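The values are calculated or read from the model by the stated rules, or taken from the named source; none is laboratory data. Just so we're clear, the structure is a prediction, and the values are computed from it rather than from any experiment. FYI the Cβ positions are ideal-geometry reconstructions off the backbone, even for glycines, and counts take in every protein chain you see. These area figures cover heavy atoms from the full protein model, side chains too; ligands, DNA and RNA do not enter into them. Shrake-Rupley method; radii C 1.70, N 1.55, O 1.52, S 1.80 Å.
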Amino acid sequence: MLSESSAAVVTATLPAVRAHGEAITGRFYQRMFDAHPELLDLFNRGNQANGQQKAALAAAVAAYAGHLTGDAGAPWGPVLDRIAHKHASLGITATQYPIVGRHLLAAVGEVLGDAVTPSVAAAWDEVYWLLACELIAREARLYAGAGVPEGGPVWRDWRVTGRARETTDVVSFTLAPADGGVAPDFIPGSYVSVAVDLDGGRGRQIRQYSLSGRPGADRWRITVKRVRGTAGTPDGLVSGHLHERVAVGDTLRLSPAFGEVDATGDGGPLLLVSAGIGLTPAMAALARLADRDPSREVTVAHADRTPAAHALRHELPALQERLPNLTVQLWYEDAVGADLPGLKAEVSPGLVEPERIPTVSGVSAHLCGPIPFMNAVRADLLRRGVPADRIAYEVFGPGMLPA
Ligand SMILES: Cc1cc2nc3c(=O)[nH]c(=O)nc-3n(C[C@H](O)[C@H](O)[C@H](O)COP(=O)(O)OP(=O)(O)OC[C@H]3O[C@@H](n4cnc5c(N)ncnc54)[C@H](O)[C@@H]3O)c2cc1C
Ligand code: HEM
């Protein structure tokens with residue numbers, strides 16, 4: 001709870017903080033990296049460059065302040081979970097919170113100037129630490145659950161035991177713990193962070209990849225789409241590195257599996273909607289259901305550019321054999337060559353038509369794909385009466401969908 005005096009100050013200053021949110025967080029990153037260049041490798045340079053990181057931080061702080069002062073906005077718990085799981089996968093420690101707090105509050109002062117009186121600064125300090133304490137507590141529980149020692153490194157070496165080219169732009173890597181241990185079980189929808197040292201002394205970068213293989217198998221699998229630059233933007237750093245430099249026998253540094261979303265839903269009918277590489281959590285969900293709940297009513301609705309670009313498509317016939325109530329609906333912008341022996345699927349040309357995705361009463365939906373795709377599908381599911389809390393989703397980048 002925010003103290004009464006701080007609540008009044010935060011309510012009065014929240015519109016200004018919201019209006020300047022991204023200027024504040026932009027300034028915050030500059031200040032923090034000047035003072036702590038060692039933190040640069042922890043943050044995603046692509047998200048720094050395209051502004052998504054500062055937008056996600058600004059939105060989270062403003063939403064939390066709104067929540068503390070009584071805004072009836074979107075439920076706050078899922079936002080905290082999202083951040084805590086992402087932080088845990090990056091190995092963020094409690095000792096780093098004072099650094100972020102100091103530079104964030106200094107940035108508020110720099111951007112808002114004289115408006116930041118000592119009582120305004122004290123009120124926002126209180127907001128920051130309430131939020132920080134909630135995150136630190138959640139992250140501590142996640143580390144304990146994953147067997148990470150307090151303040152200890154999250155990273156573990158994994159050996160690449162297989163590499164499979166799925167499409168022109170997508171490669172899967174099969175991974176086993178380098179120490180000979182067993183790959184832990186995971187919840188479908190979980191992801192790992194992968195830390196790579198870029199060649200040419202370009203430092204370290206970390207990215208997240210959803211586990212796309214069968215939970216409970218003795219190996220993990222990630223399926224990585226190579227991100228190519230367009231119109232003057234550079235090629236993706238980590239996906240390019242994984243595609244070009246990582247071969248069978250190499251070692252990769254991975255975090256434990258984290259992720260707040262269980263892509264298999266809650267036991268009732270399940271709808272898995274994906275586009276492009278967003279199919280990775282759905283593939284783990286199908287594999288888990290084939291093992292544990294084969295009679296589940298499941299619909300896969302997937303959109304891709306072409307059948308040839310649809311990664312892991314060849315796994316669908318065997319899954320459908322093991323999941324007799326699995327319905328598959330596919331959209332290809334160019335559907336030539338869509339027939340796949342053994343697969344019963346409804347194939348349509350063109351872009352996904354959200355209104356044609358079937359829903360039944362009690363369905364839980366899991367969405368993963370580009371944000372405009374997920375927004376369109378979610379809006380249509382909501383329109384057709386699927387409750388918001390039954391539509392889970394995964395953003396392959398920072399932030400969440402608008403409430
Ligand atoms: C929870 C989660 C799960 C994920 N699961 C998967 C998965 O299963 N499979 C998968 O393939 N991906 C997955 N991703 C995405 C993955 O983490 C990476 O974001 C992706 O591989 C791109 O990383 P990169 O280093 O190759 O690209 P980056 O180097 O991060 O570049 C990303 C984009 O930013 C642009 N950019 C970079 N620098 C600049 C600049 N200076 N100016 C303008 N634009 C710039 C690049 O052109 C590119 O379009 C997941 C992400 C999350 C958060
Ligand atoms: C109260 C304090 C904090 C808040 C509100 C906060 C908020 C956020 C948010 C909203 C995201 C994006 C999550 C997503 O992917 O959707 C994020 C990611 C991240 N945070 Fe924090 N954070 C805080 C503290 C910290 C600290 C102490 C560190 C460590 C220095 C840190 C490092 C990171 C990193 C490295 C990412 C990933 C960035 C990326 O991949 O682009 N954060 N944080």
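Annotations
- Using 0.36 nm per residue and subtracting the Cα-Cα separation, the extra length available between THR251 and LYS344 on full extension is 29.6 nm.
- Put simply, the amide H of ARG163, placed in the peptide plane, has neighbours under 5 Å in THR174, leaving out anything fewer than 5 places away on its chain.
- Potential lengthening between GLN96 and ALA12 on full extension [0.36 nm per residue; Cα-Cα distance subtracted]: 27.3 nm
- Expressed as a whole percent, the accessible area of the range 69-170 that falls on carbon and sulfur atoms is 59 (1.4 Å probe).
- Residue-by-residue Karplus 3J(HN,Hα) for the range 122-139, coefficients 6.51, -1.76, 1.60, Hz, glycine and proline x: 5, 5, 6, 4, 5, 4, 4, 6, 4, 5, 4, 5, 5, 5, 4, 5, 5, 5
- Only Lys, Arg, Asp and Glu carry charge here, each on its Cβ (+1 for the first two, -1 for the last two); on that basis the chain has a dipole of about 540 debye about its Cα centre.
- Share of carbon and sulfur in the accessible area of the range 251-367 stands at 51%, probe radius 1.4 Å.
- Principal-axis tilt of helix 280-292 within the chain, Cα atoms, nearest 10 degrees: 60
- Degrees, to the nearest 10: 52-68 long Cα axis against longest axis of the chain: 60
- Helix 371-383 and the longest principal axis of the Cα set of the chain meet at an angle near 80°.
- Note on the range 216-233 and the range 359-403: Cα centroid distance 23 Å, given to the nearest whole angstrom.
- Dipole magnitude (debye, nearest 20) for the range 270-394, charges at Cβ of Lys, Arg, Asp, Glu: 280
- Solvent-accessible surface of the range 88-203, averaged per residue with a 1.4 angstrom probe and all protein chains in place: 45 square angstrom.
- Theoretical gain in end-to-end length, ASP125 to HIS36 [0.36 nm per residue, Cα-Cα removed]: 30.0 nm
- Considering only the chain, percent of DSSP beta bridges that pair antiparallel, nearest 5: 50
- Per residue, the average separation of C-alpha pairs within less than 8 Å and at least 6 apart gives the chain a relative contact order of 14 percent.
- Residues of type lysines that LYS54 reaches as a straight line, Cα spacing below 27 Å, ignoring anything fewer than 8 places off in the same chain: LYS86, LYS225
- Taking a point 7 Å out from the Cα of ASN50 in the direction of its Cβ, the residues of the range 354-374 whose backbone N falls within less than 15 Å of it are 369-374.
- 3J(HN,Hα) from dihedral phi, the range 295-300, Karplus parametrisation 6.51/-1.76/1.60, rounded to Hz, x for glycine, proline: 8, 4, 7, 10, 10, 9
- Protein heavy-atom accessible surface, 1.4 Å probe, per residue over the range 268-337: 34 Å².
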